[in-house]
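**Student:** Just dropping this structure here.
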Amino acid sequence: MFTGIIQAQGILEPYGNDQFAITLEGATSSSLVADFELGDSVAVDGICLTIETILGQGFIATASPETLQRTSLGQRCQERTPVNIETALRVGSKLGGHFVSGHVDGVGCLVEALPQETAWQIKFAPVAELGEQWQRFIAPYLVSKGSIAVNGISLTIADCDPQGQWFTAAVIPHTYAETNLSVLEPGAWVNLEGDILGKYVAKLLGYPQGRNGRAAEGISLEFLSEHGYLD
């Protein structure tokens, strides 16, 4: 379990087959690596990976076929890529963001990042060839003022359209500068994980799912009354 508060940045490189080498960078990297143990979970751009080999300034991890299919790792197999790093949440630690499992739902892409007076307004939308994945696993959980993890960063959705075709987030300068959001170009893939609490609420409410994973019908007052949530 993670919180979406990034602790360091690093560089991800292919290491052969489905393995990747992650090298940490920055002032906090040495203390993080010194605390690594084999088998530890680390979120790399929001993807929960297991440390299999500890390196001098990082570690090696293997990505499963499901992880390659659902995340940006499938695109990055031949690339040297800046990534966000967060170690697993310890019992009693501060929960500064929101609960993030590290189980990425799917990918989106950066549309634009617009500087404003006190923040960056960043817009995300589906990757053209992965629209069905977005509709099934991302769009149902886009809620204005709700939480979402973008490359492992806990962000608040500022706005989204009713059909879930895009969403925006306001990112403060510190978060923008200390994460890889600052180096992304329009069209770059990002890993997205919806709020886990929202997923369980939808499941427990019996939220009706259409063939593409979207709601066949909206949750209405009649629906809530029928299921005992309204008198």
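The values are calculated or read from the model by the stated rules, or taken from the named source; none is laboratory data. Source: prediction; values computed, not measured. Reconstructed Cβ throughout: ideal geometry from the backbone, glycine too, with neighbour counts over all protein chains shown. For accessibility, only protein heavy atoms count, side chains too; no ligands or nucleic acids. Shrake-Rupley method; radii C 1.70, N 1.55, O 1.52, S 1.80 Å.
**Student:** Only four residue types carry charge here, +1 at the Cβ of Lys and Arg and -1 at the Cβ of Asp and Glu. Report the dipole size of the chain about the Cα centre in Debye, rounded to the nearest 20.
**Tutor:** So the magnitude is around 140 debye.
**Student:** Which of the peptides 43-53, 145-155 is most tightly packed, and how do the rest follow, judged by the mean count of other Cβ atoms within 10 Å per residue?
**Tutor:** Result, highest mean first: 145-155, 43-53.
**Student:** For Asp161, what residues show an amide H to amide H distance below 5 Å, using hydrogens built from the backbone and excluding near sequence neighbours?
**Tutor:** Counting only residues 5 or more places away or on other chains, the set is Trp166.
**Student:** State the answer as a single residue: which of Ile122, Ser72, Gly97 lies farthest towards the positive end of the charge dipole of the chain, with beta carbon charges of +1 for Lys and Arg and -1 for Asp and Glu, about the Cα centre.
**Tutor:** Most positive-ward Cα: Gly97.
**Student:** Further, regarding this structure: Between the DSSP loop rule and a limit of at most 11 other Cβ atoms within 10 Å, which chymotrypsin sites (Phe, Trp or Tyr not before Pro) in the range 106-206 are left?
**Tutor:** Numbers: sites: Trp120, Phe124, Trp134, Phe137, Tyr141, Trp166, Phe167, Tyr176, Trp189, Tyr200; in loops: Trp166.
Qualifying residues, ordered by number: none.
**Student:** Moving to a separate point now. Looking at the range 94-198, which GluC sites (Glu not before Pro) are in a loop (DSSP not H, G, I, E or B) and have at most 10 other Cβ atoms within 10 Å?
**Tutor:** Details: sites: Glu112, Glu117, Glu129, Glu132, Glu178, Glu193; in loops: Glu117, Glu178.
Passing sites in the range 94-198 are Glu117.
**Student:** Starting from the residue with the highest accessible area, list Thr179, Thr87 in decreasing order, probe 1.4 Å.
**Tutor:** Thr87, Thr179
**Student:** Could you give the length gained by full extension between Gln69 and Asp18, i.e. 0.36 nm per residue of separation minus their alpha carbon distance, to one decimal place?
**Tutor:** Additional length available on full extension: 17.2 nm.
**Student:** In the range 111-197, with Lys and Arg counted as +1 and Asp and Glu as -1 at Cβ, which of these residues, Trp189, Ser147, Trp166, has the Cα nearest the positive end of the dipole, that is, farthest along it?
**Tutor:** Selected residue: Ser147.
**Student:** Quote the charge dipole size of the range 51-166 about the Cα centre in Debye, to the nearest 20; the model charges only the Cβ of Lys and Arg (+1) and of Asp and Glu (-1).
**Tutor:** On the way: 8 positive and 11 negative charges, 65 e Å.
So the dipole magnitude of the range 51-166 works out to roughly 320 debye.
**Student:** Further question: Suppose R0 equals 41 Å; then what is the FRET efficiency for Ser31 and Tyr200 from their Cβ-Cβ distance, rounded to the nearest 0.05?
**Tutor:** Computed FRET efficiency for Ser31 and Tyr200 comes out at 0.75.
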